[in-house]
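Student: Starting off with a structure, shown below.
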Number of protein chains: 2
Amino acid sequence: MRNLDEMTITQAVLANNSAIGDTRLCEIMTSLVQNLHAFARDTKLTETEWQRGIDFLAQTGAANTPQRQHFALLSHVLGLSTLVLAQNDRKPAGCTETAAFHAPSAQPVLHLDPGADLSAGAAPPKGYVRGAVLDTRGNAIPHATLEVQPGCTHATRHIERALLQADEQGRYHFCTSLPDNPRILPDGPAGQLLAALNRPDRRPAHLEFTVQARGYQRLTTQVFRQDDPCLDSDPLFGVRSSLITQWQRHPGGMTPAGTFSNEPFYTLAFDFVLANE
Amino acid sequence: MRNLDEMTITQAVLANNSAIGDTRLCEIMTSLVQNLHAFARDTKLTETEWQRGIDFLAQTGAANTPQRQHFALLSHVLGLSTLVLAQNDRKPAGCTETAAFHAPSAQPVLHLDPGADLSAGAAPPKGYVRGAVLDTRGNAIPHATLEVQPGCTHATRHIERALLQADEQGRYHFCTSLPDNPRILPDGPAGQLLAALNRPDRRPAHLEFTVQARGYQRLTTQVFRQDDPCLDSDPLFGVRSSLITQWQRHPGGMTPAGTFSNEPFYTLAFDFVLANE
C-alpha cells in the first residue's frame, strides 16, 4: 500500500472495507468511495478545486445549527433528498404522498389547542386550514398528532413549528399566515450555491406537516398552493401534483374561527391519508 | 418539474445546470450530481441511512476548526486526497514527490532561525534533520522557505508548525522530536469513521514539509521512517517509497548542534528537489 496513484487508490481504499463487520455499512462505504472517486476522476479535479470543495463543506459546517440544518438543505438542493424519498416511498394507492425529510425539532415543539393561530401577529392575509386524518379506507384515525411548519419568510413573526392533535373524528383545524414564497437566503451555503449555479432560490409557498398516529406510518409532507408561480422551479424538487391545493379567497367577513375580519382571508380543506404500519 | 421520482430526478437537477455561466463549474456540478445520485441509487439508500449521513456531516462541521480540519481529514481517509494529488502531480523526473494537501495555517507560523529546536522540551529522543533545496539539475536554490509540521502525538509539548529559511547554498537544518506514530483520535469524526470501519488509525511517523522558492512549484510532502510498522497501513494512503528515509541512530555524544547528549539521538539527511514553475 505504497505509491498509490489515480489507477490504484480506489482498490486500496476498498480493500480496507473487507474488515467492516456490518454488511450494510460495507455496501454503503464501498459505493460511496467508488462514486466519490469517479467524481474526482471524471472531472480530473485539481487540488485547488478540491480545496474549495473542502472549504465549502467547512463553511457549511460553521453555518449549521440544529435550527438551520444546512447539510440537509444542500441534500435537498442537489436532488438527493427527493431521490432517497422517492425510492423508498412505496405506500398503497390513495395514501398522501411523502414530500419532505422528517427533521426532528431541536427544541421542544409548542403544543397548541385545536384552532390555534400560528401567525403570532404577522401581517394578513390569514389562512384557515382544516381537514381530517384518515386511513386508506376513508375511516377517521382519532387523535393523530400533526406537527405544522408554516415555512414562511416572515418566520421571525411566526410560530416555526407547532404540534396539534386531531379529535376523536380525526378532524384538525388551525389558522396561520397565508404561506408566501420563502427564499433560500444567500447568507447560507445552500443559497450561495444556488446563486453560483444561477438557479432560482424561491420555493413554492407551502405548509409542512408531519402526521403521526399509532399503528400508521409517519408521514412528512408539504402542501402547496395552486397558481403559485414557483411550482415548476422548486429549488428543492419537492412539488407533487397530489399536494397542490386550492386555497379559497374570501373578501372578509365571518371567519371559520367565528371572528369578524375586515381583511380578506383564505380557507383550505386538506385530508391526510396514512398507510398502515 | 413536478412528481419527480428516482427515474427522473437526476435529469431534472442537471437541467438546471444549463444556466451555469462558468463551464468548469458546470462540469464539476454535473459530475457531482450524477455520482452522488448513483451512490444513493446503487445502495438504495433509505431515509434513515441518509439522515445518519447528514448527521455525520453536521457532527464533522461542529468539530471542524481552522486548527483541526476534519473535512480535509475525511477526504484523506476516503482516499480522495491521494487521488486528487496523484492525478495532478505531473512533475519532471527527479523531483521530490508530493504527498499531502497544502493546508494553509490558521495562525501566524513561528519563524525560527536555522538549527532551531522544534521539540519544545518534549521527551527524547531528538532527531537532527539537515539537507538542501535543489533544482532538477542538482543546483542549490538559495533562500527557499520550509514550513515544517512535526505531526507528533505529543503535539501539545511541541511546536506544531515552524517556518525556516534555507541559506545561500540551499542548506537547511533543524532539530525536532523523533517522529512517532500519530493516531487519528476517535474523539473526532474521521477517527470515529475509522473505528466503525475497523480500520487502523495510526499513521506512519512523518515530518510534513511545504517548501517554496520563487520561480519553483510549491511542494507539500511528507518524509517517513524506514522500518516503521505502519508504512503499509497508512489510514491516509500517503506513503511513497521515494519519501521513506533512513534515520541514523547515535548512542549519545556530540550532536550536530554541537551540544553533548547523554541520550541516544537520531540524524536524517534529506534533500528536496523542486520543479520549475
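The values are calculated or read from the model by the stated rules, or taken from the named source; none is laboratory data. Quantities reported herein were computed from a predicted structural model and do not represent experimental measurements. Using ideal geometry, Cβ is built from the backbone for each residue, glycine included, and neighbour counts are taken over all protein chains shown. For accessibility, only protein heavy atoms count, side chains too; no ligands or nucleic acids. Shrake-Rupley method; radii C 1.70, N 1.55, O 1.52, S 1.80 Å.
Student: I need the phi-derived Karplus couplings for the range B:9-24: 6.51 cos²θ - 1.76 cosθ + 1.60, θ = phi - 60°, integer Hz, Gly and Pro marked x.
Tutor: Residue by residue, the range B:9-24 yields 5, 4, 5, 5, 5, 5, 4, 5, 5, 5, 7, 6, x, 7, 4, 5 Hz.
Student: If the cut-off is 13 Å between C-alpha atoms, which aspartates and glutamates fall inside it for A:Lys126, apart from same-chain ones fewer than 8 positions away?
Tutor: Counting by Cα, and skipping residues close in sequence, A:Lys126 has these aspartates and glutamates nearby: A:Asp117, A:Asp180, A:Glu263.
Student: While we're on this one: With Kirkwood's inverse mean 1/r over C-alpha pairs for Rh, give me the Rg to Rh ratio of the protein assembly as shown, two decimals please.
Tutor: For the protein assembly as shown, the value is 1.09.
Student: Right, here's the next one. Just need log10 I(q)/I(0) for chain A at q = 0.07, 0.15, 0.16 Å⁻¹, Debye formula, equal scatterers on the alpha-carbon atoms, no solvent, rounded to two decimals.
Tutor: Result of the Debye calculation: -0.34, -1.19, -1.31.
Student: Please identify every one of the trypsin sites (Lys or Arg not before Pro) in the range A:140-238 that sits in a loop by DSSP and has no more than 15 other beta carbons within 10 Å of its own beta carbon.
Tutor: Taking the range A:140-238 and a limit of 15 other Cβ atoms within 10 Å, the loop trypsin sites (Lys or Arg not before Pro) found are A:Arg214, A:Arg218.
Student: If you take the beta carbon distance between A:Met254 and B:Met1 as r and set R0 to 30 Å, what does 1/(1 + (r/R0)^6) give as a FRET efficiency, to the nearest 0.05?
Tutor: Between A:Met254 and B:Met1 the formula returns 0.15.
Student: Another question, then. Within the range B:108-146, list the trypsin sites (Lys or Arg not before Pro) lying in a DSSP loop whose Cβ has at most 15 other Cβ atoms in a 10 Å radius.
Tutor: Within the range B:108-146, the qualifying trypsin sites (Lys or Arg not before Pro) (loop, at most 15 other Cβ atoms within 10 Å) are B:Arg137.
Student: Taking chain A as a Gaussian network, where each spring joins two C-alpha atoms under 10 Å apart, which residue of A:Ser18, A:Ser261, A:Ser233 fluctuates the most?
Tutor: A:Ser18
Student: Next question. Considering only protein heavy atoms and a 1.4 Å probe, what is the carbon-and-sulfur percentage of the accessible area of the protein assembly as shown?
Tutor: C and S fraction of accessible area: 51 percent.
Student: What does the copy distance list look like for B:Arg171, label position 7 Å along Cα→Cβ, in nm and ordered from shortest?
Tutor: Ordered by distance, the counterparts are at 9.5 nm.
Student: Shielding by partners for B:60-69, please: the mean number of other protein chain Cβ atoms within 10 Å of each residue's Cβ.
Tutor: Mean partner shielding for this stretch: 4.
Student: Next question. Which whole-Hz ³J(HN,Hα) couplings does the range B:134-146 yield from phi under the Karplus relation 6.51 cos²θ - 1.76 cosθ + 1.60, θ = phi - 60°, glycine and proline marked x?
Tutor: Ordered by residue, 3J(HN,Hα) equals 10, 8, 5, 9, x, 7, 5, 9, x, 6, 5, 9, 10 Hz.
Student: Excluding ligands, DNA and RNA, what is the accessible area buried between chains A and B, summed over both sides, using a 1.4 Å probe, to the nearest 100 Å²?
Tutor: Buried area (both sides, nearest 100 Å²): 7100 Å².
Student: Out of the DSSP beta bridges found with both residues in chain A, what percent are antiparallel (nearest 5)?
Tutor: Here the antiparallel bridges make up roughly 70 percent for chain A.
Student: For chain A, what does -39500 (n - 2.57) per DSSP helix run (n ≥ 4), summed and divided by total residues, give at 222 nm, in deg cm²/dmol to the nearest 500?
Tutor: After summing the helix terms and dividing by the residues of chain A, the value is -8000 deg cm²/dmol.
Student: At 1.4 Å probe size, with every protein chain present, just tell me what the per residue accessible area of chain B comes to in Å².
Tutor: 46 Å²
Student: DSSP beta bridges in the protein assembly as shown, what fraction antiparallel, as a percent rounded to 5?
Tutor: Roughly 70 percent of the DSSP beta bridges within the protein assembly as shown come out antiparallel.
Student: Could you pull the copy-to-copy label distances for B:Ala93, with points set 7 Å along Cα to Cβ, in nm to one decimal and sorted shortest first?
Tutor: 7.1
Student: Students often forget the sequence filter, so: which lysines lie under 23 Å Cα-Cα from A:Lys91 once same-chain residues fewer than 8 apart are removed?
Tutor: B:Lys44
Student: Still on this structure: Go through the range A:35-44 residue by residue and turn each phi into a ³J(HN,Hα) via Karplus (6.51, -1.76, 1.60, θ = phi - 60°); whole Hz please, and just put x for glycine and proline.
Tutor: Result, ordered by residue: 6, 5, 5, 4, 4, 5, 6, 4, 8, 6 Hz.
Student: How much of the DSSP bridge set in the range B:190-277 is antiparallel, in percent, rounded to the nearest 5?
Tutor: Of all bridge pairs located within the range B:190-277, approximately 85 percent are antiparallel.
Student: Starting from the range A:1-93, pick out the trypsin sites (Lys or Arg not before Pro) whose DSSP state is loop and whose Cβ has at most 15 other Cβ atoms within 10 Å.
Tutor: A:Lys44, A:Arg68, A:Arg90
Student: Just to confirm the numbers: B:Ala12, label point 7 angstrom along the Cα-Cβ line, distances to the other copies in nm, shortest first?
Tutor: 4.1
Student: While we're on this one: Can you list the residues, at least 5 places off or on another chain, whose amide H is less than 5 Å from the amide H of B:Asp271, using H built in the peptide plane?
Tutor: When sequence neighbours closer than 5 places are left aside, the close amide H contacts are B:Ala132.
Student: For a test of the definition: using alpha carbon positions, the gyration tensor, and the 1.5 limit on a/c, classify the range A:30-101 as rounded, prolate or oblate.
Tutor: Note, shape of the range A:30-101 comes out oblate.
Student: Note down the accessible area of A:Thr245, probe 1.4 Å, to the nearest 10 Å².
Tutor: Per-residue accessible area (A:Thr245): approximately 10 Å².
Student: Enumerate the amide H contacts of A:Ser119 below 5 Å, restricted to partners 5 or more residues apart or on another chain; note that Pro and chain-start residues carry no placed amide H.
Tutor: Distant-sequence amide H within range of A:Ser119: A:Ser177.
Student: Mind checking the mean number of beta-carbon atoms from other chains within 10 Å of the Cβ atoms in B:123-130?
Tutor: Partner Cβ neighbours, averaged per residue: 0.
Student: Continuing with the same structure: Between the range B:73-96 and the range B:189-214, what is the separation of their alpha carbon centroids in Å?
Tutor: Between the Cα centres of the range B:73-96 and the range B:189-214 lies a distance of 14 Å.
Student: When Cβ neighbours within 10 Å are restricted to other protein chains, what is their mean count per residue of peptide A:235-248?
Tutor: Mean shielding by partner chains, rounded to a whole number: 2.
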